[in-house]
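The values are calculated or read from the model by the stated rules, or taken from the named source; none is laboratory data. Please read these numbers as outputs of a predicted model, since none were measured by experiment. When we count neighbours, we look across all protein chains shown, and the Cβ atoms used for this are built from the backbone with ideal geometry, even at glycine. For the accessible areas, the whole protein counts, side chains as well, though only heavy atoms, and no ligand, DNA or RNA atoms are used. Shrake-Rupley method; radii C 1.70, N 1.55, O 1.52, S 1.80 Å.
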Amino acid sequence: MPAKVSGLLYCDICLNAPSAYVYLSNPEHDVQRKHSSHLERYSALTAPRKRKAENPVPSTSRQLKLGETKIVNQTKVDNVVINFVIQSLQPFAVLEQPAFNALVQELQPNSRVMSRTTLRRKVEEGVQEMKRNIKQAMSSIEFIATTTDCWSARRRGFIGVTAHWVDPDSLKRCSVALACRRIKGPHTFDVLGSALNDIHCEFGIEKKIVRTTTDNGSNFIKAFREYGEQQQDENNNCASSETEEDACSDEDEQEEEGVDVDFIEVTPILMEDDGLQFQLPKHHRCACHLLNLVATVDAAKANSNDSYKRLSRSAFAKCSGLWNKTSRSSTASDIIEETCKIQLIRPNDTRWNSLFLSVERIVRIIKDEGEGALRTVCTALKLPMLSSVEISFLEEFARTMGPLAKALNILQDETDVQMGWLLPTLTLLINKLERIHINSRYCKPLVDAVLEGLQKRFKDMMAEPEFIAAAILLPKFKTAWTSDENLLNLGLAYIKDHLEKNVHISHQAMDQVLQMTMTSFQA
């Protein structure tokens with residue numbers, strides 16, 4: 001067969017022959033003339049190359065020449081303009097600005113910019129199409145969870161609802177935003193309950209929602225207490241029994257005393273909107289918000305200890321001086337960056353993590369650059385220097401609150417966290433805090449306050465069979481996250497009960513499945 005050496009072709013068969021070989025100018029002619037027995041093999045090897053050369057694949061893209069403009073049709077221009085307005089949150093009036101029209105005309109001279117009316121119509125059509133796609137995607141889903149929140153911005157109230165479910169084919173979590181709706185008036189419990197019910201009914205998922213997660217605002221808590229799935233039945237039973245007792249007692253009194261009955265018009269009473277015409281799903285309080293309350297409200301109870309209160313206030317007062325100085329003066333920021341090789345982090349009121357990160361940054365500067373660097377900064381800025389005891393307190397504070405900050409980061413992850421992460425994370429957090437308490441010197445009151453807050457706010461969740469079962473069913477944790485047999489038995493009983501309801505198998509087979517599950521978990 002032909003081979004290549006130094007840019008020239010020669011024949012392998014002729015080379016192996018006793019006679020001298022010659023360089024080839026026409027390999028196919030040489031094979032036909034001298035090696036006819038190898039012609040079929042040669043044709044098979046060279047045939048794909050010939051077909052490829054004879055039928056080249058046309059290129060889909062072409063490099064534009066200098067000065068050449070790519071022609072885009074009007075539909076693509078309209079889609080690009082709509083995406084620009086929506087994704088950058090531009091007002092519709094941007095289409096009427098001369099500079100924007102000049103930009104589009106310069107890029108595409110043969111195109112035109114749509115009017116505000118056309119843009120509004122296209123956006124509405126896109127919204128309706130997106131709603132149809134979301135409804136179709138959720139129509140085959142059996143279980144859906146939602147999260148909701150309300151807030152105020154620019155003197156206006158809003159409510160947002162997001163739906164989450166697990167795709168039955170890929171087992172990946174899917175999330176869609178259902179609504180970001182304006183709320184007029186105060187954010188009372190009945191207004192929020194009505195808005196939530198309207199959104200659920202609009203997408204036809206009111207019977208599929210297993211839980212709705214909110215923060216710990218009193219308006220949300222009361223809304224689910226009044227209109228929630230479980231609470232409503234209990235309230236109705238209590239209300240009906242009280243009404244019957246009151247009616248019987250009134251009738252007895254009227255018969256004994258001979259008092260005439262006063263007739264009243266019941267139409268206004270029946271037409272009154274009491275909120276019982278709709279029903280909300282089960283309520284779940286946001287664990288991240290609860291941990292934030294533990295780190296702020298409950299941790300503040302450590303100030304009941306006088307020695308801890310004096311030391312913490314003195315240390316945080318000096319830290320606040322540093323944080324305020326760097327936020328108000330660019331000169332102070334330059335001094336800190338030049339001396340400490342890193343900037344400080346200033347805490348804010350809405351995220352407790354920022355306080356931990358701010359203290360951790362000061363501790364890091366002391367560890368990497370030494371106390372001398374921080375003393376130089378305090379001297380240059382005319383601020384009091386932290387004492388050795390206060391520095392030790394800040395280091396212990398960072399070690400104490402570090403596990404809480406890590407737990408908060410785990411639970412507020414948006415992609416890789418499920419309900420099964422809750423109890424293992426809380427259990428590990430409590431165990432770490434109990435070990436820290438043994439060797440703590442300054443922050444024992446803080447550890448006690450945090451542990452008490454965790455027990456108070458998560459007591460019911462720690463004993464919830466559904467949460468225990470969710471943790472057991474996660475291969476990452478199984479049964480290794482706790483040594484409490486009672487908790488594990490609650491979770492396994494919950495799993496067995498739901499398997500019996502949803503899978504029609506015998507009790508003997510059920511026991512075998514659970515036994516195999518426990519064996520694989522303990523392995």
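Miscellaneous remarks
- Looking across the stretch 145-190, the residues that are of a type outside the set (S, T, N, Q), open to solvent by 50 Å² or more (accessible area, probe 1.4 Å), under 20 Å from Ser218 (Cβ atoms) and not in a loop (DSSP other than H, G, I, E, B) come down to Asp149, Trp151, Phe189, Asp190.
- Condition met for Glu338 (open to solvent by 60 Å² or more (accessible area, probe 1.4 Å), in a helix (DSSP H, G or I) and within 29 Å of Met461 (Cβ to Cβ)): no
- Taking the stretch 451-478 as the range and being open to solvent by 40 Å² or more (accessible area, probe 1.4 Å) and in a loop (DSSP other than H, G, I, E, B) as the test, the residues that pass are Ala463, Glu464, Leu473, Pro475, Lys476, Lys478.
- Taken together, the residues in the stretch 127-144 that are open to solvent by less than 30 Å² (accessible area, probe 1.4 Å) and not in a loop (DSSP other than H, G, I, E, B) amount to 3.
- Qualifying residue in the stretch 117-131 (condition: over 30 Å from Asn101 (Cβ atoms) and in contact (Cβ under 8 Å) with a residue 12 or more places away in the chain): yes
- Positions within the stretch 138-161 being in contact (Cβ under 8 Å) with a residue 60 or more places away in the chain and either more than 15 Å from Leu192 (Cα to Cα) or of a type in the set (A, V, I, L, M, F, W, C) (or both), in sequence order: Met138, Ser139, Ile141, Glu142, Phe143, Ile144, Ala145, Cys150
- Taking the conditions (1) hydrophobic (A, V, I, L, M, F, W, C); (2) loosely packed, with under 11 Cβ neighbours inside 10 Å; (3) closer than 30 Å to Gly204 by Cβ in turn, Ala99 satisfies each one other than (3).
- Among the residues of this structure, Asp298 counts as one that is of a type in the set (D, E, K, R), under 30 Å from Gln455 (Cβ atoms) and surrounded by 15 or more Cβ atoms within 10 Å (Cβ to Cβ).
- When residues of the stretch 414-450 are limited to those that are part of a loop (DSSP other than H, G, I, E, B) and modelled with pLDDT of 90 or more, the one most open to solvent (accessible area, probe 1.4 Å): Arg441
- Test: residue in the stretch 67-84 that is open to solvent by 100 Å² or more (accessible area, probe 1.4 Å) and modelled with pLDDT of 85 or more: yes
- Test: residue in the stretch 507-521 that is at pLDDT below 90, outside any loop (DSSP other than H, G, I, E, B) and closer than 30 Å to Ala405 by Cα: yes
Yes/no matrix, rows are residues, columns are (1) surrounded by 14 or more Cβ atoms within 10 Å (Cβ to Cβ); (2) within 30 Å of Leu171 (Cα to Cα); (3) among the aromatic types (Phe, Trp, Tyr):
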| site | (1), (2), (3) |
| --- | --- |
| Leu355 | yes, no, no |
| Glu369 | yes, no, no |
| Gly372 | no, no, no |
| Leu383 | yes, no, no |
| Glu390 | yes, no, no |
| Glu396 | yes, no, no |
| Arg399 | yes, no, no |
| Gln412 | yes, yes, no |
